[in-house]
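Student: Questions regarding the structure given below will be posed in turn.
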Amino acid sequence: MKNTNLYLMIYKKSILGGGALNLKQLKYFLAVAEEKQVTAAAKRLHIAQPPLSYQLKELEKDLDVKLFKRTAKGVILTEAGKMLTDYARQIVDLTQVTEEKVRKANQGQLGTISLGLISSSGGFMASVALADFQARYPDVSYEIYEDNTYGIIEKLHQGQLDLAIVRTPFNQRGLKLNYLTKEKMVVVSANSYSPQLPTSFTLTNLEEHPLIIYRRFKNIFTDSFEHYGIKPNVLMECDDARTALYWAEMKLGLALVPESIAKLARNCRIIPVDYPAWETQMALIWLKGKELRPILKEFISVIKEGWK
C-alpha cells in the first residue's frame with residue numbers, strides 16, 4: 001500500500017467518518033507504539049489491557065494491515081505500523097490544535113479584528129493598552145485600514161470595519177463609542193525654522209507666521225481667529241496630519257496638529273498653544289445595534305481600561 005493511500009484512508013475514516021477508525025484508536029495506537037508494550041500503554045492510558053488489545057485488533061482489521069509484531073518483550077512496529085505512526089501523530093496533533101483554536105474563538109481569545117485608524121491617531125498602535133491586549137490574546141491578528149475620520153466612519157457603516165479610532169468632532173449618529181483621551185493642539189516647527197519662536201503660542205503670535213492647517217479643524221481655528229479679529233496667514237490646508245508635519249519639517253511654515261501626532265515629527269520643536277478651546281478627543285467607535293464577537297468585546301474592554 002502506498003504512503004499516500006494509507007494516509008487518505010486514515011484521514012477519511014478518522015476525520016470524515018468513513019469507517020470504524022476514530023481518534024481514540026489512533027491515540028491508543030500511538031501509546032502502544034511509544035511504550036512498546038501493551039501493558040505499559042494501558043497503564044499510561046488508565047484503562048485495562050483487554051479493551052486496549054481489542055481496539056488495536058479492530059484498528060488492524062479496519063485498515064487490513066498488521067501494525068505490530070508481538071514478541072516476548074513486547075511489540076515491534078511493522079513497516080505499516082511505522083508509517084501509521086507518522087500519520088497518526090499529524091492527525092492527533094491537528095485535531096488538538098483545531099480544538100484549542102475553536103475553544104479560544106468561543107472564549108474570545110482568537111480571531112481577526114478589522115480596525116480603522118485615522119492618520120492623526122498618532123502612536124495608538126504602539127500604546128500600552130494595545131500592547132496589554134496583545135499580551136493577553138497573542139493569537140489575535142489585525143487588518144488595519146487608514147483614512148480620515150469621515151472615510152473611516154463611512155467604511156464602518158459599510159461593514160468593512162469591526163471597530164475604529166476617530167477624532168472629534170464627528171457625527172455620532174448610529175454609533176456607540178468610548179472616549180479614549182483628550183489632547184491639545186500644538187505648533188510643530190522645524191528646529192531651524194526660526195530661533196525667535198516663543199515658548200508658548202497665543203492666537204496673536206500665530207498671526208505672524210504662515211500656518212499649515214489640518215483641515216479637520218479648520219472650522220475650529222477659523223471661529224477662534226474671527227472671534228478675536230485675527231486674520232491668519234494660512235499657507236496650506238491638508239487632509240492628512242502627516243502631510244502637515246512634512247511641510248513643517250521642510251521649514252515652509254508652522255503646523256497646527258494634535259499633540260500625539262506632533263510627536264511623529266522629525267527634527268522639529270513642539271510648542272504648546274495657550275488656548276484651551278483648541279482641544280480634541282480620540283474615540284473608539286463601532287456600529288450601534290451590531291452584535292459584537294467576544295474578541296471585539298474584549299478589545300473594547302481592555303482598550304477602555306488602558307486609556308483611563
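Student: List the residues whose amide H sits under 5 Å from the amide H of LEU175, counting only those 5 or more places along or on another chain, with H placed 1.01 Å from N in the peptide plane.
Tutor: When sequence neighbours closer than 5 places are left aside, the close amide H contacts are LYS288.
Student: Based on the mean of other beta carbon atoms within 10 Å per residue, what is the order of 250-263, 198-211, most packed first?
Tutor: Ranking, from highest mean packing down: 250-263, 198-211.
Student: Further question: With a sphere of radius 13 Å drawn around the Cβ of SER260, what net charge do the other residues whose Cβ falls strictly inside it have (Lys, Arg +1; Asp, Glu -1)?
Tutor: Residues close to SER260 contribute a combined charge of +2.
Student: To make sure I understand, if each residue's beta carbon is the centre and we count other beta carbons within 10 Å, what order do MET236, MET83, MET282 fall in, fewest to most?
Tutor: MET236, MET83, MET282
Student: Can I ask one more? Out of residues 5 or more away from VAL234 or on other chains, whose amide H comes under 5 Å of its own, with H placed 1.01 Å from N in the peptide plane?
Tutor: Residues meeting the criterion, in which the H sits 1.01 Å from N, are LEU211.
Student: Do the sum for the chain: with -39,500 (n - 2.57) for every DSSP H run of n ≥ 4, divided by all residues, what is the mean residue ellipticity at 222 nm, to the nearest 500 deg cm²/dmol?
Tutor: -13500 deg cm²/dmol
Student: Now a separate question. Separation between the ARG266 and GLN281 pseudo-spin-labels, each 7 Å from Cα along Cα→Cβ, expressed in nm?
Tutor: Each label point is offset 7 Å from its Cα along the Cβ direction, giving 3.5 nm.
Student: Could you tell me which trypsin sites (Lys or Arg not before Pro) in the stretch 150-202 are loop residues by DSSP with no more than 14 other beta carbons within 10 angstrom of their beta carbon?
Tutor: In loop regions of the stretch 150-202 (DSSP not H, G, I, E or B), the sparsely surrounded trypsin sites (Lys or Arg not before Pro) are ARG173.
Student: From the backbone phi of the stretch 140-157, what are the Karplus-calculated ³J(HN,Hα) couplings (6.51 cos²θ - 1.76 cosθ + 1.60, θ = phi - 60°) in whole Hz, Gly and Pro given as x?
Tutor: Once θ is set to phi - 60°, the couplings for the stretch 140-157 become 7, 10, 10, 10, 9, 10, 10, 6, 7, 4, 5, x, 5, 5, 5, 4, 5, 5 Hz.
Student: May I pose another question? At a temperature of 4 °C and a viscosity of 1.567 mPa s, determine how fast the stretch 177-232 diffuses translationally according to Stokes-Einstein, using the Kirkwood radius over alpha-carbon pairs as Rh; express D in µm²/s, rounded to the nearest whole number.
Tutor: 98 µm²/s
Student: Now for a separate question. Would you grab the residues whose amide H sits under 5 Å from the one on GLU146? Only those 5+ places off in sequence or on another chain, please, with H modelled 1.01 Å from N.
Tutor: Excluding prolines and chain starts, which carry no amide H, the hits are LEU117.
Student: Then there's this: When a footprinting reagent is the concern and you count Cβ atoms within 10 Å, what order do CYS268, CYS238 take, fewest first?
Tutor: The order, fewest Cβ neighbours first, is CYS238, CYS268.
Student: Which ³J(HN,Hα) values in Hz, rounded to whole numbers, follow from the phi angles of the stretch 285-300 under the Karplus curve 6.51 cos²θ - 1.76 cosθ + 1.60, where θ = phi - 60° and Gly and Pro get x?
Tutor: Listing the rounded values in order: 10, 7, 6, 5, x, 8, 6, 8, 5, x, 5, 6, 4, 5, 4, 4 Hz.
Student: Working from the pairwise distances between different alpha carbons, so that the mean of 1/r is found and then inverted, what is the chain's Kirkwood radius in Å?
Tutor: One decimal place: 24.6 Å for the Kirkwood radius.
Student: Within 10 Å of each residue's Cβ, count the other Cβ atoms and sort THR39, THR168 from fewest upward.
Tutor: Fewest-to-most ranking of THR39, THR168: THR39, THR168.
Student: Could you work out how much longer the chain between LYS43 and ASP64 gets when fully extended? Use 0.36 nm per residue separation minus the Cα distance between them, nm to one decimal.
Tutor: Here the answer is 4.9 nm.
Student: If you project the alpha carbons of the stretch 183-279 onto their three principal axes, what span does each projection cover, largest first, in Å?
Tutor: The principal-axis extents, from largest down, are 33, 28, 24 Å.
Student: What residue among LEU45, THR95, THR222 has its Cα farthest toward the positive end of the dipole of the chain, where the charges are +1 on Lys, Arg and -1 on Asp, Glu, each on the Cβ?
Tutor: After comparing all options, I get LEU45.
Student: Enumerate the calculated ³J(HN,Hα) couplings along the stretch 164-174 in order (Karplus 6.51 cos²θ - 1.76 cosθ + 1.60, θ = phi - 60°), each rounded to whole Hz, writing x wherever the residue is Gly or Pro.
Tutor: Karplus values, whole Hz, x for Gly and Pro: 8, 10, 10, 10, 5, x, 7, 6, 8, 4, x.
Student: Can you tally the net charge around ASN191? Count Lys and Arg as +1, Asp and Glu as -1, for every other residue whose Cβ sits under 13 Å from the Cβ of ASN191.
Tutor: Taking every other residue near ASN191 into account, the sum is +2.
Rule-based calculations on the coordinates, nothing more; no lab input. Remember, it's a predicted structure, so these values are computed and weren't measured experimentally. Because the Cβ atoms are built from the backbone with ideal geometry, glycine has one as well, and the counts that use them run over all protein chains shown.
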